[in-house]
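The values are calculated or read from the model by the stated rules, or taken from the named source; none is laboratory data. Every value quoted in this text rests on a predicted model; they were computed, and no experiment measured them. Cβ atoms come from the backbone with ideal geometry, glycine included; neighbour counts cover every protein chain shown. Please note that ligands, DNA and RNA were not included when accessible areas were found on the heavy atoms of the full protein model with its side chains. Shrake-Rupley method; radii C 1.70, N 1.55, O 1.52, S 1.80 Å.
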Amino acid sequence: MTIFMTFRIALKALNRNKMRTALTMLGMIIGVGAVITMVALGNGAQVSIEQAVQSAGTNVIMVNSGNFSSGGVRQGQGMSNTMTPDDAVAIREVPGVQFLVETINNRGGQIVAGNQNWNTHVEGTNVDLPLIKNWPLESGQFFTPTDVLSASKVCVIGTTVKNMLFPDGGDVVEQIIRIGKHPFKIIGVLISKGQSSVGQDQDDVIYAPFTTVQKKMRGVTYIESMTVSAASADNIRQTSDAIAAVLRVRHKIQPGDSDDFMVRTLEDIAAMRTETTKTMTYLLASIAGVSLLVGGIGIMNIMLVSVTERTREIGLRLAIGARGGDVLMQFLVEAVVISLLGGSIGIGLGYGLSRGLTQFLQWPTYVSPQAVLVAFGFAAGIGIFFGFYPARKASALDPIEALRYE
Amino acid sequence: MSLISVRDLKKTYIVGDIEVRALRHVSLDVEAGEFLAVTGPSGSGKSTFMHILGCLDRPTSGQYFLDGKDVSRLSKNDLARIRNHQIGFVFQGFNLLSRTTALENVELPLLYNSAASKGSDRKRRAMESLKLVGLEQRTHHLPNQLSGGQQQRVAIARSLINNPSILLADEPTGNLDTKTSIEVMDVFQTLNKERGITVLLITHERDIAEYGTRIVAFRDGVIKTDEKIANRRIASVELAALPPVSVD
Ligand SMILES: Nc1ncnc2c1ncn2[C@@H]1O[C@H](COP(=O)(O)OP(=O)(O)OP(=O)(O)O)[C@@H](O)[C@H]1O
Ligand SMILES: [Mg+2]
């Protein structure tokens, strides 16, 4: 019997029990769909990390307050607020440092202009930000050292914020918006960077002088982090080591004690985040894999029922000359058709779900061709694995007894 | 050389501690072209005997020569091949696949015959087979759209599709009324006479057995009597004599 005929017979048999076939397939659809979505989330996170590194440039060094890599034993370490603008002043003097901005965020304020409003966080920064991020303005200008010194309530916005607050268009420079209860004057608009390829909106930003965020909004004197750009990518390692040394002296860290800050190049950050992302991906994928397993067991269950129901048919086929191998193939192919069809629909579902997550929740996702191939292979494997036992049972039937079966 | 030749055939089933000796010592020769009726009381071993002749089962001991070849010790796959190529089965319960047209039912054995892989070829042969049993008008009917006699004729057409040399029928008229039984016997007699197919027919009824050329009677796993039939019944003649009713 040709494999083509075997497939036709399998399709016919499955077609006879449409509802049952569909329900069995559903297990596979959900399983494969879940795996694809989870892997897409993991891959998306990975891609967004890589893009962040690429768009920020390779010679960027992040200096964060707190140190969550020193282990979870000392509670609160990761949140210590020991970094001050004076640290920044000192680091500016470190050889190899080209630009530096202090960063402190103000989260969760409602932004209002006229009768429009929007929700995004305000990032307090310094004048060199457009240089570090290599991000020019489409109109107006960035704030000046004077603005920072005097903690003026001025801000520079991205195009998304502009479009949300001023849907009618027009020149928005010199317009006043309210952030929380504070009025801010828009003095510049950054050019649009568009969506990152994993669907994150890079233009949904508001920048204000960090001093303004510190004093007027948060009422604190510390800063949360600094972004430093090294003069060249070559001696970035020395530069970051030198920054750490300066901070250790300034924060009076004894040799052997752990730092209360972290100095990392973007590559360090990427490597670290990649590790966590991988762990997360494996975790999510294996949870999703369990549902795939359940789908496989569903196939096995239904195939066993089907073999029992069709005992007489099997007996007849054997009597008219089918070999055990023919019967085995017939049922195995049925199982594989269920799993492959279900798998294919599951891949479609997973793809759709991933797109939806990106579209509506802005979670970065990426459905890689490898993931699709692996999922397809897995589906086939599950069909073969869970279909084998029932098929084997069918092929081992004694024709005489099978024909007598009631 | 006989088409079928069995020597001292034994078949013993073991159920728990009990030995069931379904066939004790059966020896028999059947020539090509014979129409053999096998009778005997229930449990006398008729079906067991036929299963062995049909290569569905193997004897516990003894030999079975089919066409001069000892087939009693062949492998399962070799037996499957013989069933497909040389033997046609007709069962009491028809055993047609439900929700499958008459044509597709008849085609079925060809799927397991590597020599007949072309779809159009299979269709043509299935059509011819249905024509032989007079059902060319019913090719696309499903089993539940056919009468019992018609279903049994579809089953006969199926058994013929690979041009077997032997037709084995286990109580093929058991589920049919008298007139339909005669019609089915007519099909067997025609195939036996015109195509030279050897027919082995199991039946409980003496009058059905009389359509054959020879009657073999089983009792307790042995052959009790083996006789030529003197006044053979001819189904076509009887059908012609019947008062005409609406046919098909
Ligand atoms: N698979 C089996 N296991 C055990 N005993 C069996 C088996 N098949 C048949 N037998 C026994 O073998 C004997 C012969 O059975 P067989 O089916 O050949 O009888 P039969 O002549 O065809 O009867 P009937 O006319 O009722 O169909 C019986 O006693 C039966 O119980
Ligand atoms: Mg019987």
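Here are a few things to note about the model shown:
To keep it simple, each residue is scored yes or no on (1) more than 16 Å from ligand 1 (Cβ to nearest atom); (2) at pLDDT 95 or above; (3) of a type outside the set (D, E, K, R).
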| residue | (1), (2), (3) |
| --- | --- |
| A:Gly315 | no, yes, yes |
| A:Gln359 | yes, no, yes |
| A:Gln362 | yes, no, yes |
| A:Thr365 | yes, no, yes |
| A:Leu373 | yes, no, yes |
| A:Ala380 | yes, no, yes |
| A:Ala391 | yes, yes, yes |
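- For B:Asp70, the requirement of being more than 10 Å from chain A (Cβ to nearest Cβ) and not hydrophobic (A, V, I, L, M, F, W, C) is met.
- Checked against the criteria, B:Val106 does not count as within 16 Å of ligand 1 (Cβ to nearest atom), of a type in the set (Val, Ile, Thr) and either open to solvent by 20 Å² or more (accessible area, probe 1.4 Å) or not in a loop (DSSP other than H, G, I, E, B) (or both).
- Filtered residues of region B:30-59 (kept if more than 11 Å from ligand 1 (Cβ to nearest atom), open to solvent by less than 70 Å² (accessible area, probe 1.4 Å) and either within 13 Å of another protein chain (Cβ to nearest Cβ) or part of a loop (DSSP other than H, G, I, E, B) (or both)): B:Gly33, B:Glu34, B:Leu53, B:Gly54, B:Cys55, B:Leu56, B:Pro59
- Residues that are within 27 Å of the chain's Cα centre (by Cα) and modelled with pLDDT of 85 or more were ranked within region A:63-100; the one that is most open to solvent (accessible area, probe 1.4 Å) is A:Asn64.
- Any chance A:Met19 is under 30 Å from A:Pro95 (Cα atoms) and not assigned by TED's automatic domain parsing to the domain that holds A:Gln200: no
- Subset of region B:36-87 (residues that are of a type in the set (A, V, I, L, M), within 16 Å of ligand 2 (Cβ to nearest atom) and out of contact with any strand residue (DSSP E or B) (no Cβ under 6 Å at 6 or more places or on another chain)): B:Ile52, B:Leu53, B:Leu56
- Yes/no for B:Gly62 being within 16 Å of ligand 1 (Cβ to nearest atom) and surrounded by fewer than 22 Cβ atoms within 10 Å (Cβ to Cβ): yes
- The number of residues in region B:210-230 being out of contact with any Asp or Glu (no Cβ under 6 Å at 6 or more places or on another chain) and within 13 Å of ligand 1 (Cβ to nearest atom) comes to 8.
- Yes/no for B:Arg21 being away from chain A (no Cβ under 14 Å), open to solvent by 10 Å² or more (accessible area, probe 1.4 Å) and under 18 Å from B:Asp220 (Cβ atoms): yes
- Residues that are touching a strand residue (DSSP E or B) at 6+ places or on another chain (Cβ under 9 Å) and in a helix (DSSP H, G or I) were ranked within region B:200-242; the one that is surrounded by the fewest Cβ atoms within 10 Å (Cβ to Cβ) is B:Arg206.
- Cβ-Cβ under 7 Å pairs, at least 6 apart or on other chains, region B:29-54 side hydroxyl-bearing (Ser, Thr, Tyr), far side assigned to a loop (DSSP other than H, G, I, E, B) and crowded, with 22+ Cβ neighbours inside 10 Å: B:Thr39/B:Thr203; B:Ser44/B:Gly221
- Output for region A:126-164, where each listed residue is open to solvent by 30 Å² or more (accessible area, probe 1.4 Å), assigned to a helix (DSSP H, G or I) and either free of Cβ contacts under 8 Å to residues at least 12 places away in the same chain or touching an Asp or Glu at 6+ places or on another chain (Cβ under 8 Å) (or both): A:Thr146, A:Asn163
- Look at (1) within 16 Å of ligand 2 (Cβ to nearest atom); (2) of a type in the set (Ser, Thr, Tyr); (3) within 9 Å of chain A (Cβ to nearest Cβ); (4) farther than 19 Å from B:Val6 by Cα and you find that B:Tyr112 fails only one, number (1).
- Checking A:Ala319, A:Ala402 one by one, the residue that is in contact with a Phe, Trp or Tyr (Cβ under 6 Å, 6 or more places away or on another chain) and within 16 Å of ligand 2 (Cβ to nearest atom) is A:Ala319 and no other.
- Scanning region B:83-99 for residues that are facing chain A (nearest Cβ under 8 Å) and open to solvent by 10 Å² or more (accessible area, probe 1.4 Å) gives B:Arg83, B:His85, B:Phe89, B:Phe91, B:Asn95, B:Leu97, B:Arg99.
- Residue in region A:251-262 that is closer than 30 Å to A:Ala208 by Cβ, open to solvent by less than 20 Å² (accessible area, probe 1.4 Å), without any contact (Cβ under 8 Å) to a residue 40 or more places away in the chain and among the hydrophobic types (A, V, I, L, M, F, W, C) present: no
- Residue within region A:338-360 that is over 30 Å from the mean Cα position of the chain (by Cα) and either farther than 30 Å from B:Gly88 by Cβ or in a helix (DSSP H, G or I) (or both) present: yes
- Under the condition of being assigned to a loop (DSSP other than H, G, I, E, B) and of a type outside the set (Val, Ile, Thr), the residues counted in region B:84-101 number 8.
- Helices (runs of 4 or more DSSP H) enclosed by region A:234-334 - at least 1 residues per element that are within 14 Å of chain B (Cβ to nearest Cβ) and in contact with a strand residue (DSSP E or B) (Cβ under 8 Å, 6 or more places away or on another chain): A:311-319
- Selection within region B:166-200 - more than 16 Å from ligand 2 (Cβ to nearest atom) and within 14 Å of chain A (Cβ to nearest Cβ): B:Ile166, B:Leu167
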